[in-house]
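Colleague: Quick one: the structure is below, questions incoming.
Bear in mind that the values in this text are calculations on the coordinates, not laboratory data. None of these values were measured; they are calculated from a predicted model. Glycine also receives a Cβ, built like all others from the backbone with ideal geometry; neighbour counts cover every protein chain displayed.
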Amino acid sequence: MKLGDWVRCTGYIKRSGNHFEVLDGKDTESGFPSCVYWSAGATEGTDVEDYHICDRFVVKKATFSGVYVGTTTMCVKLNAEYEDGPYAAPHFRTYSDTPEKFAVVYYADNKRRLVPLDMIEENQ
């Protein structure tokens, strides 16, 4: 595919709504840092013990056409991990990893979607 090609797509990615809430020791009853995982639409969070990983994006199935304008790289996993080192106070660290490439497709005026590379094909 070249820049400006008309393409047909069968899906795109969207933010999943999963997230972590990290509290330092001052805000908790025990005085230790804590981390809570919230899945999309949940009414109650789950405590993270040492390590937790979740999806940052979900794939939505939809058929649409648009103009291919290039690729981008996004990290697709969210991580929370407890760290207790000799030179730092105990804390939770959150970060994104597992980079993947996605096609950038404009499907309407000023509207774009990120499409997994296996869900895009050149429109003939």
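Colleague: Between rounded, prolate and oblate, where does region 81-124 land on the alpha carbon gyration tensor, with a ≥ b ≥ c its root eigenvalues, rounded for a/c under 1.5, else prolate if a/b exceeds b/c?
Modeller: In terms of gyration-tensor shape, prolate.
Colleague: Percent relative contact order of the chain, based on C-alpha pairs within less than 8 angstrom and at least six residues apart?
Modeller: 31 percent
Colleague: Also: Cα-based Rg of region 44-92 per 2.2 N^0.38 Å, rounded to two decimals?
Modeller: For region 44-92, the normalised Cα radius of gyration is 1.87.
Colleague: What ranking of Asp55, Asp50 emerges when the number of other C-beta atoms within 10 Å of each C-beta is taken as an exposure proxy, fewest first?
Modeller: By the 10 Å Cβ count, ascending: Asp50, Asp55.
Colleague: Got a sec? How would Cys35, Cys75 order by Cβ neighbour count within 10 Å, fewest to most?
Modeller: Cys75, Cys35
Colleague: Calculate the spin-label point distance for Lys111 paired with Tyr87, positioning each point 7 Å from the Cα along the beta-carbon direction, and give it in nanometres.
Modeller: With each label point 7 Å from Cα toward Cβ, the separation is 5.2 nm.
Colleague: May I ask which of Lys2/Lys61; Lys2/Lys77; Lys61/Lys111; Lys14/Lys111 have a Cα-Cα span longer than 22 Å here?
Modeller: Too far apart for the 22 Å limit: Lys2/Lys61; Lys2/Lys77.
Colleague: Around Gln124, with a cut-off of 15 angstrom between Cβ atoms, what is the net charge of the other residues, counting Lys and Arg +1 and Asp and Glu -1?
Modeller: -1
Colleague: Modelling each spin label as a point 7 Å along the Cα-to-Cβ direction, I'd like the Val59/Thr46 distance in nm, to one decimal.
Modeller: About 2.2 nm separates the two model spin labels.
Colleague: Show me, for region 32-43, the HN-Hα J-couplings you get by feeding each phi into the Karplus relation (A = 6.51, B = -1.76, C = 1.60, θ = phi - 60°), rounded to Hz, glycine and proline as x.
Modeller: Computed from phi, the couplings for region 32-43 are 9, x, 9, 9, 10, 9, 10, 7, 4, x, 6, 9 Hz.
Colleague: Right, here's the next one. Sum up the charges of everything whose Cβ sits under 12 Å from the Cβ of Glu100, counting Lys and Arg as +1 and Asp and Glu as -1, but leave Glu100 out.
Modeller: 0
Colleague: About the Cα centre of the chain, what is the dipole size in debye to 20, counting +1 per Lys and Arg Cβ and -1 per Asp and Glu Cβ, all else neutral?
Modeller: It works out to roughly 1000 debye.
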